[in-house]
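A short write-up of the structure that comes next.
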Amino acid sequence: MSYPIELIRHSLAHVMAAAVKKLHPDVKFAGGPAIENGFYYDFDTEYRFSEDDFAAIEKEMRELIKSNGRFEQRIIDLDEAKQIFADQPYKMEWLNEYDAAGEKLSVYTFRDFTDLCRGPHVESSKDLPRDGFKIRAVAGAYWKGDSKNKMLQRIYVDAFASKEELESFLKMQEEAAKRDHRKLGKDMDLFHFEPEYAPGAVFWHDKGYKVYRRLIDYMRARQEKAGYVEVCTPAVMDRVLWETSGHWEKYGAHNYSGKTEDGRMFCIKPMNCPGGVLVYRNLLRSYRDLPLRMAEFGKVNRYEASGSLMGLMRVREFTQDDAHIFCTPEQMESECIDTLKLILDIYKQFGFNEVKIYLSTRPEKRIGSDEIWDLCEKSLSNALTAHGYEFTINPGEGAFYGPKLEFILRDAIGREWQCGTIQVDMNLPERFDISYIGEDGEKHRPVMLHRALFGSIERFMGILIENHAGNLPLWLSPEPVVVVPISEKYREYAESVVADLRAAGVYSRADLRDEKVNYKVRELSVAKTPIIAVVGEKEMNDKTVTLRRLGVEKQEVVSLSDFVAQMQNAVKLPL
């Protein structure tokens with residue numbers, strides 16, 4: 001019989017708990033759910049688990065699986081449950097808090113191990129893979145996730161239905177570790193973080209900031225071509241804006257705010273929407289002015305728990321490639337389609353050809369009437385269906401003010417990343433009382449589309465670094481060419497090559513350090529320099545350069561004039 005992978009993982013969690021109990025009889029159990037790619041289980045014991053224990057636990061798990069033990073469910077009352085778990089304080093704490101007016105409880109027994117569990121499980125351990133799991137790590141975890149409680153030991157396990165699937169996953173993890181943008185960011189001297197002074201905020205180095213600006217240059221050019229205007233709104237504004245918008249009620253705890261001497265409450269903007277609305281509202285708008293596509297590269301700040309921060313992928317301060325499109329209800333569907341086409345074309349240009357689209361519908365906690373939500377959800381659905389785009393409904397995951405489309409990219413090693421969004425909003429225009437004058441001379445309420453393509457510059461840059469393993473396209477590379485003279489005698493020629501490249505709009509520099517050529521080449525290769533141009537006597541006399549391209553063993557000799565022309569074309573924005 002074939003079982004869902006979540007059920008296999010949950011059953012394996014019980015097997016591991018049974019194995020740990022056999023090896024350490026005095027252990028106390030907390031709980032162990034299935035998670036993405038595997039499961040974990042939390043234990044309380046004086047014994048300190050380490051990597052040295054992994055092999056013994058895995059061996060015991062395989063022995064238990066081989067025994068073909070059954071997973072047997074019993075439905076019992078609260079009193080019996082307390083008898084069974086009398087020596088397990090974490091189970092007892094849960095049972096003492098349990099109050100369900102006589103409702104029965106479910107327990108599962110596998111071999112000598114019994115646990116509170118709703119199930120279901122596989123029928124027998126013979127249905128579990130013997131070689132489809134591997135212990136990944138052990139880490140500390142507070143009981144119930146509360147730092148006031150005791151620290152437990154959490155054992156993480158990667159688990160799949162077969163040995164082949166596990167090996168494929170582990171190979172991908174190994175490749176992902178090589179591509180980790182935090183490691184490459186250091187190797188390439190792009191950025192760093194200062195957790196003590198500015199947790200979750202990026203310190204851009206010169207080369208990293210070049211890539212950051214280049215991404216903005218690209219997006220700015222694409223937006224101008226698509227008829228967008230660009231605005232810039234203040235970083236600090238009165239808190240009343242976010243109270244009016246509804247953001248404060250939902251996200252207030254994540255905002256940075258404070259009171260000034262005059263008693264007013266201000267906050268560092270956590271999103272750009274209210275500022276965009278104020279720019280729109282500043283002038284009297286006519287239907288002839290619409291659609292108004294208003295872009296902003298706005299830096300925003302949102303508090304995230306320290307434990308959730310992860311390099312460029314999860315930060316507290318980031319720059320959104322935001323845009324707010326104000327249009328008539330009749331223009332809404334066509335604007336959604338035009339934005340959708342723009343997003344997909346940009347992703348394709350960056351090498352992301354596999355893109356999933358999700359339509360996220362109304363969440364439980366939301367603003368606005370059901371009639372407005374019906375209209376917005378229908379418009380997005382129609383826009384996708386009428387133009388042949390495949391999509392998946394993501395129920396209840398829309399923004400609190402409107403439904404949205406979410407775009408999931410698949411990278412070079414098969415991982416998926418959520419990036420851009422399109423959100424339809426008829427609620428903020430109502431809350432801020434914005435309007436336009438229609439053909440009838442009367443005021444009408446515009447529709448507001450929220451749109452981000454990269455999502456955030458920081459996160460998209462992290463995804464790009466990992467997707468390309470640091471070997472960024474030439475047009476995006478912070479240092480497309482570094483010129484290396486083989487000795488001091490050829491310094492002048494190296495500098496002249498740099499001058500020719502820079503005159504052609506190609507950023508370049510000469511590595512004039514007093515080091516051997518091979519040492520420089522190795523260092524520059526680690527830093528993912530795309531092209532190293534080595535020059536010596538022959539190159540100087542022939543007006544050539546000898547090129548070493550990243551990832552290519554064979555060198556090539558090219559005339560300087562041809563090389564400059566090639567590079568001038570290669571670093572242009574791909575519009």
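The values are calculated or read from the model by the stated rules, or taken from the named source; none is laboratory data. Bear in mind that the values here come from a model prediction, so they are computed numbers and not experimental data. Positions of Cβ are backbone-derived with ideal geometry, glycine not excepted, and every protein chain shown enters the neighbour counts.
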The strands (runs of 3 or more DSSP E) lying entirely within the range 256-345 that contain at least 2 residues which are over 25 Å from Leu215 (Cβ atoms) are 256-259, 265-268, 317-327
Helices (runs of 4 or more DSSP H) fully within the range 474-575 counting 1 or more residues that are among the small types (Gly, Ala, Ser) and in contact (Cβ under 8 Å) with a residue 40 or more places away in the chain
491-503, 560-570
Only one of Gly246, Gly200, Gly263 is of a type outside the set (Phe, Trp, Tyr) and within 30 Å of Asn467 (Cβ to Cβ). Can you tell me which?
Gly200
Out of Leu405, Leu449, Leu428, which single residue is within 18 Å of Lys356 (Cβ to Cβ) and either buried (at least 21 other Cβ atoms within 10 Å of the Cβ) or among the acidic types (Asp, Glu) (or both)?
Leu405
Looking at (1) in contact (Cβ under 8 Å) with a residue 60 or more places away in the chain; (2) of a type in the set (A, V, I, L, M, F, W, C); (3) loosely packed, with under 15 Cβ neighbours inside 10 Å, which is the one condition that is false for Phe39?
(3)
With (1) closer than 17 Å to Ile8 by Cβ; (2) under 26 Å from the mean Cα position of the chain (by Cα); (3) not charged (D, E, K, R) as the list, and Ser162 as the residue in question, which single condition is left unmet?
(2)
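Here is a yes/no grid of residues against (1) buried (at least 19 other Cβ atoms within 10 Å of the Cβ); (2) hydroxyl-bearing (Ser, Thr, Tyr); (3) closer than 29 Å to Ala235 by Cα; (4) in contact with an Asp or Glu (Cβ under 8 Å, 6 or more places away or on another chain):
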{"site": "Gly258", "(1), (2), (3), (4)": "no, no, yes, no"}
{"site": "Arg288", "(1), (2), (3), (4)": "no, no, no, no"}
{"site": "Val315", "(1), (2), (3), (4)": "yes, no, yes, yes"}
{"site": "Cys327", "(1), (2), (3), (4)": "yes, no, yes, yes"}
{"site": "Tyr358", "(1), (2), (3), (4)": "no, yes, no, yes"}
{"site": "Pro363", "(1), (2), (3), (4)": "no, no, yes, yes"}
{"site": "Ser369", "(1), (2), (3), (4)": "no, yes, no, no"}
Determine if the range 327-336 includes at least one residue that is within 28 Å of the chain's Cα centre (by Cα) and over 14 Å from Val447 (Cβ atoms).
no
Restricting attention to the range 188-234, report how many residues are loosely packed, with under 14 Cβ neighbours inside 10 Å and either outside the structural domain of Arg459 (by TED's automatic domain parsing) or aliphatic (A, V, I, L, M) (or both).
3
Filtered residues of the range 544-567 (kept if within 20 Å of Val517 (Cα to Cα) and surrounded by fewer than 13 Cβ atoms within 10 Å (Cβ to Cβ))
Gly551, Val552, Glu553, Lys554, Gln555, Glu556
Looking for whichever is over 20 Å from Asp158 (Cβ atoms) and either touching a residue at least 24 places away in the same chain (Cβ under 8 Å) or in a strand (DSSP E or B) (or both) here; the options are Arg48, Arg130, Arg118. Which one fits?
Arg48
Does the range 25-33 contain any residue that is within 22 Å of Lys144 (Cβ to Cβ), of a type in the set (Val, Ile, Thr) and in a helix (DSSP H, G or I)?
no
In the range 36-77, residue nearest to the chain's Cα centre (by Cα) [restricted to those that are under 24 Å from Leu105 (Cβ atoms) and among the aliphatic types (A, V, I, L, M)]
Ile75
Can you tell me which residue within the range 510-539, out of those that are touching a strand residue (DSSP E or B) at 6+ places or on another chain (Cβ under 9 Å) and among the basic types (Lys, Arg), is farthest from Leu472 (Cα to Cα)?
Lys538
Checking the structure you have, find out if any residue of the range 371-379 is of a type in the set (Val, Ile, Thr), surrounded by 14 or more Cβ atoms within 10 Å (Cβ to Cβ) and in contact with a Phe, Trp or Tyr (Cβ under 7 Å, 6 or more places away or on another chain).
no
Can you tell which of Arg293, Arg302 is among the charged types (D, E, K, R), over 11 Å from Val447 (Cα atoms) and at pLDDT 95 or above?
Arg293
Condition met for Ile57 (free of Cβ contacts under 8 Å to residues at least 60 places away in the same chain and either in the same structural domain as Asp26 (by TED's automatic domain parsing) or aromatic (Phe, Trp, Tyr) (or both))
no
